[in-house]
Structure formats: C-alpha cells, structure tokens
Amino acid sequence: MADVRSMCAIGLRGQLGLNGWLPWEGDRRPEFVADVERFFELTRGHVLIAGPRTVASVPDWAREERTVVEIRSHMVPEEVIARFKGRRVFVGGGPSVWAAYAHLIQVWDITRLPYDGPADRWFDPAWLVGG
C-alpha cells in the first residue's frame, strides 16, 4: 500500500477556495509564501495526484522533482493509489478530490492561514475520519 497523505491550507473559518482558486491567491505575506514553499519542499520526490486545475497550476520546475498525475472523477481511487505501491502519495486538488479519496488518506497536514475573507469552498471535517 502507498503512504497516502494530503496537504492543504485553510482560512480561519475553513475556507478553501473562491471562484476556482485559493482565496488568498497571490498574497505575498510571509505566512502565505512559506506555506507554498513548504508544500513544494514536502512533496519533493513523491507523487502528487490531483484534478486537472491543480495539476495545471504546478510549475514546470516542480514537475521535475515529483511525479505529477492528473486524476479524473471516473477513476477509481483505490486503483489510482495501487499504481504507487511503496511510494508516498499526496492527494491534492480541492473538495471533490478529497471527498473521493478521504477514506484512503492516512495523514492530513493542514495549515491554517490568517485569511478571513470570502470563500465558496470549505474544508469538511468529515474528511478527517474517512469521508
């Protein structure tokens, strides 16, 4: 079995997304920059599976340092994970992906950022107990 993990950042009230992006996209305050740097550091050398929008946002330089795999809603989560036996797999990509993969995620790494603005996507605590 793969070591399945997820890393995400949430706002003060659990905000995850706004209009298809991170609500704090482009915020250059140190906490936000450090969160992005930490994500790329901890996923280096591992597998990142995510939906199309998240995969498209991964810079070219980052693709050289990790295996990036685009997943789709018709794919069976257990079959996707089985392709990476013995590897560390990070599940990324937002609520629909986490809802589908939550029962397989063994470690949740959640960073709470100092954002308290609007959102249209929220973290669901039920994911922490397998959906």
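Values quoted throughout were computed directly from the atomic coordinates according to the rules given, and no laboratory measurement underlies them. Keep in mind the model is a prediction, meaning the values are calculated, not measured. With ideal geometry, Cβ positions are generated from the backbone for all residues, glycine too; neighbour counts draw on all protein chains shown.
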>> For a quick check: with amide H placed at 1.01 Å from N, whose amide H comes under 5 Å from Arg88's, ignoring anything fewer than 5 positions away on the same chain?
In response: Asp3, Val47
> Across all directions of projection, what mean area in square nanometres is found for the Cα convex hull of region 3-129?
Replying inline: 7.4 nm²
> Taking square-rooted eigenvalues a ≥ b ≥ c of the alpha carbon gyration tensor, is region 91-131 rounded, prolate or oblate, where a/c under 1.5 means rounded and, failing that, a/b exceeding b/c means prolate?
Replying inline: prolate
> For Ile10, which sequence-distant residues (separation of 5 or more, or a different chain) have an amide H within less than 5 Å of its own amide H, given hydrogens modelled in the peptide plane?
Replying inline: Thr111, Arg112, Leu113
> When the Karplus curve 6.51 cos²θ - 1.76 cosθ + 1.60 is applied with θ = phi - 60°, which whole-Hz ³J(HN,Hα) does each residue of region 85-101 get, with x for Gly and Pro?
Replying inline: 3, x, 9, 8, 10, 9, 9, x, x, x, x, 5, 5, 5, 4, 6, 9
> Using 7 Å Cα-to-Cβ label points, what is the Ala34/Asp60 separation (nm, one decimal)?
Replying inline: 3.2 nm
>> What FRET efficiency comes out for Leu128 versus Leu12 if R0 is 22 angstrom and r is the Cβ-Cβ distance? Round to the nearest 0.05.
In response: 0.80
>> For a quick check: with amide H placed at 1.01 Å from N, whose amide H comes under 5 Å from Arg66's, ignoring anything fewer than 5 positions away on the same chain?
In response: Gly45
> Based on DSSP H runs of at least 4 residues, each adding -39500 (n - 2.57), what is the mean residue ellipticity at 222 nm of the chain after dividing by all its residues, to the nearest 500 deg cm²/dmol?
Replying inline: -7500 deg cm²/dmol
>> If the elastic network links every pair of Cα atoms under 10 Å, which of Pro23, Pro59, Pro95 fluctuates the most in the Gaussian network model of the chain?
In response: Pro59
> Using r as the Cβ-Cβ distance of Glu79 and Val107, and R0 as 25 Å, what FRET efficiency do you calculate, to the nearest 0.05?
Replying inline: 0.75
